[in-house]
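> I am attaching a structure below and will ask some questions about it afterwards.
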Amino acid sequence: MKRRRAKKVKAGSVTIGGDAPVSVQSMTTADTEDAEATLAQVRALAGRGADIVRVAVPTKAAAEALAEITKNAPVPIVADINFRGDLALRAIDAGAAKIRLNPGNIRNWETLRKITTAAKDAGVAIRIGANSGSIRKKDTNPKITTPELMARTTIRWCDRFEADGFSNIVLSLKGSSARETIEANRIVAEQCRYPLHLGVTSAGLGQDAVIKSAVAIGALLEAGIGDTIRVSITGDPLQEVDAGISILRSLGLGKPGVQVISCPTCARAKIDVEKLASLVRSKTADMEKNLTVAIMGCEVNGPGEAAGADCGIAGGHGFGTLFEKGTSLRKVPEAELVDALLELVEML
Ligand code: SF4
């Protein structure tokens, strides 16, 4: 796929845009005023594969705790600011790599000018993060659609920032539906060169959130649009990282890694595909090589159905078949199947 070539923006050690890989973000849910608890969550998210972590900064005490968090975090920290521009200035002082501002609730241009000046001096990026709800609430023109309104608002902010000499900008336009999100990002992608952070706002619980996000983010990435992503899920944010990485891998984007595929099983299945696939996925989670590994239920159809995979195993009666690119290599006793597969993965 041909990616839209966005301007390169640095958020600490991570590049967003240009030819940088699409990065995965998540957000902490701990109280930011509790630096230790927030840091523990940041470390867990980074360990799971998050490239950038955002923390909410709703109070002065949270901005003070942020200094401790940014100093010890293994990944760049983004400060999420709503309503209070003064906290953006404090967050920049506290070492945030990027600030997220919501154009739906910060409107004082004098304050914004102070923020862009401080951000420029400190080499900090700013994400102009528009959400459909907060943008729509402020507008009464029924003729303009919500995606158009989000695009118009973010472009207006870019123009103002540029007029003040600031262009270290990332944009996000998050609708509450996949369609709204896709539409808004398509419009803005044509109107500017700034990198785009993709996500659906308030996407919901578990599977609903993952599917809605995968549809929106996947459609945009497939069209070459998007430079960093966040899957928003109510609950443990580790799920967000897993979902983000899966979306990228399904499109062959993101950092190198092993993608485990498996058949849905049917009456022909001779092995516990779910158990084996989970085991192989956990054992290959940290490998940095681009491989597709298949776990298939039967020898009859498995190797053929997974011919597109680099290697895999297919179940048999007490034995399984180890295969590479659809061709059977050898029979392996069932108890040794996973080890044999992992050995092959190491060699490829
Ligand atoms: Fe069924 Fe075999 Fe296909 Fe799995 S690989 S779905 S067990 S036919």
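> Express as a percent, rounded to the nearest 5, the fraction of DSSP beta bridges in the chain (both residues included) that run antiparallel. Please report the intermediate quantities before stating the final value.
Details: 14 of 52 bridges.
Restricted to the chain, the bridges split so that about 25 percent are antiparallel.
> Taking one equal scatterer on every alpha-carbon of the stretch 247-348, how large is log10 of I(q)/I(0) by Debye at q = 0.18, 0.24 1/Å?
For the stretch 247-348, the Cα-only Debye profile gives -0.75, -1.32.
> So, how do all the Cα-to-Cα distances of the chain break down into 20 Å bins, in percent, from 0 on up?
With a bin width of 20 Å, the distribution comes to 29, 50, 19, 2.
> Considering the options 192, 267, 211, tell which one lies farthest towards the positive end of the dipole of the stretch 187-272, charges being +1 on Lys and Arg and -1 on Asp and Glu at the Cβ, about the Cα centre.
267
> Given 0.36 nm per residue, what is the gain on full extension from residue 292 to residue 29 after removing their alpha carbon distance, in nm? Intermediate values should be presented prior to the final figure.
Values: separation 263, 0.36 × 263 = 94.68 nm, distance 3.30 nm.
Result for the pair: 91.4 nm of gain on full extension.
> Further, regarding this structure: Taking amide H atoms as placed 1.01 Å from N in the peptide plane, list the residues 5 or more away in sequence, or in a different chain, whose amide H sits under 5 Å from that of residue 106.
When sequence neighbours closer than 5 places are left aside, the close amide H contacts are 83.
> Each residue of the stretch 173-190 in order: what ³J(HN,Hα) in whole Hz does its phi give by Karplus 6.51 cos²θ - 1.76 cosθ + 1.60, θ = phi - 60°, with x for Gly and Pro?
For the stretch 173-190, the Karplus curve yields 10, 10, x, 8, 10, 4, 4, 4, 5, 4, 4, 4, 6, 4, 5, 5, 4, 7 Hz.
> Using the Karplus curve 6.51 cos²θ - 1.76 cosθ + 1.60 with θ = phi - 60°, what ³J(HN,Hα) values do you get for each residue of the stretch 148-163, in whole Hz, with x for Gly and Pro?
5, 5, 4, 5, 4, 5, 5, 5, 4, 5, 4, 4, 5, 4, 4, 4
> While we're looking at this one, here's another question. Amide H neighbours of residue 319 under 5 Å, counting only residues 5+ apart in sequence or on other chains, H built in-plane at 1.01 Å?
334
> Show the residues, 5+ positions off or on another chain, whose built amide H is closer than 5 Å to the amide H of residue 8.
Amide H neighbours of residue 8, under 5 Å, 5+ apart: 18.
> If you put +1 on each Lys and Arg Cβ and -1 on each Asp and Glu Cβ, how big is the dipole of the stretch 26-108 around its Cα centre, in Debye rounded to 20?
Numbers: 10 positive and 10 negative charges, 67 e Å.
For the stretch 26-108, the charge dipole is close to 320 debye.
> From the residues 75, 122, 53, which one has its Cα farthest along the dipole of the chain in the positive direction, the dipole being from +1 and -1 charges on Cβ of Lys/Arg and Asp/Glu about the Cα centre?
122
> When 1/r is averaged over all different Cα pairs and the result inverted, which Kirkwood radius in Å belongs to the stretch 1-159?
Working: mean 1/r = 0.0609 Å⁻¹.
Hydrodynamic radius (Kirkwood, Cα only) of the stretch 1-159 equals 16.4 Å.
> Sort 143, 325, 71, 98 by accessible area with a 1.4 Å probe, largest first.
Details: 143 180, 325 120, 71 150, 98 0 Å².
The ordering from most to least exposed comes out as 143, 71, 325, 98.
> Keeping all protein chains in the complex and leaving out DNA, RNA and ligands, what accessible area do you get for residue 317 with a 1.4 Å probe, in Å² to the nearest 10?
150 Å²
> Okay, next question. Magnitude of the Cβ-charge dipole of the stretch 213-280, K/R +1 and D/E -1, about the Cα centre, nearest 20 debye?
Numbers: 6 positive and 7 negative charges, 58 e Å.
Computed about the Cα centre, the dipole is about 280 debye.
> For residue 255, list the aspartates and glutamates whose Cα falls under 17 Å from its own Cα; do not include residues on the same chain fewer than 8 positions away.
Straight-line reach from residue 255, under 17 Å: 19, 51, 222, 227, 240, 242, 286, 288.
> Give me a comma-separated list of calculated 3J(HN,Hα) values for the stretch 330-338, in order, Karplus coefficients 6.51, -1.76, 1.60 applied at θ = phi - 60°, integers in Hz, x for any Gly or Pro.
For the stretch 330-338, the Karplus-derived couplings read 6, 8, 9, x, 3, 5, 9, 4, 5 Hz, x marking Gly and Pro.
> OK, next. So, with +1 on the Cβ of K and R and -1 on the Cβ of D and E, and no other charges, what is the size of the charge dipole of the chain about its Cα centre, to the nearest 20 debye? Intermediate values should be presented prior to the final figure.
Working: 45 positive and 40 negative charges, 290 e Å.
Taking the Cα centre of the chain as origin, the dipole is about 1400 debye.
> Among DSSP beta bridges lying fully in the stretch 47-114, give the percent that are antiparallel, nearest 5. Intermediate results must be reported in sequence, preceding the final value.
Values: 0 of 8 bridges.
If we restrict to bridges inside the stretch 47-114, about 0 percent are antiparallel.
> With a ≥ b ≥ c taken as the square roots of the eigenvalues of the C-alpha gyration tensor of the stretch 304-348, please select rounded if a/c is under 1.5 and otherwise prolate if a/b is larger than b/c or oblate if it is not?
Numbers: a/c = 2.31, a/b = 1.20, b/c = 1.92.
Here the stretch 304-348 falls in the oblate category.
> Any of 7/283; 120/212; 174/289; 7/114; 114/143 with alpha carbons more than 26 Å apart? Name them for me. Could you put the intermediate results ahead of the total?
Details: 7/283 37 Å; 120/212 35 Å; 174/289 32 Å; 7/114 23 Å; 114/143 34 Å.
Too far apart for the 26 Å limit: 7/283; 120/212; 174/289; 114/143.
> Kindly work out what percent of the DSSP beta bridges joining two residues of the stretch 1-149 are antiparallel, to the nearest 5. Working shown, then result.
On the way: 3 of 18 bridges.
Percentage antiparallel, nearest 5: 15.
The values are calculated or read from the model by the stated rules, or taken from the named source; none is laboratory data. All values reported here derive from a predicted model rather than from experimental measurement. Cβ coordinates were reconstructed from backbone atoms using ideal geometry, including for glycine residues, and neighbour counts include every protein chain displayed. Ligands, DNA and RNA are stripped out before the accessible areas are found, and what is left, the full protein with its side chains, is counted by its heavy atoms. Shrake-Rupley method; radii C 1.70, N 1.55, O 1.52, S 1.80 Å.
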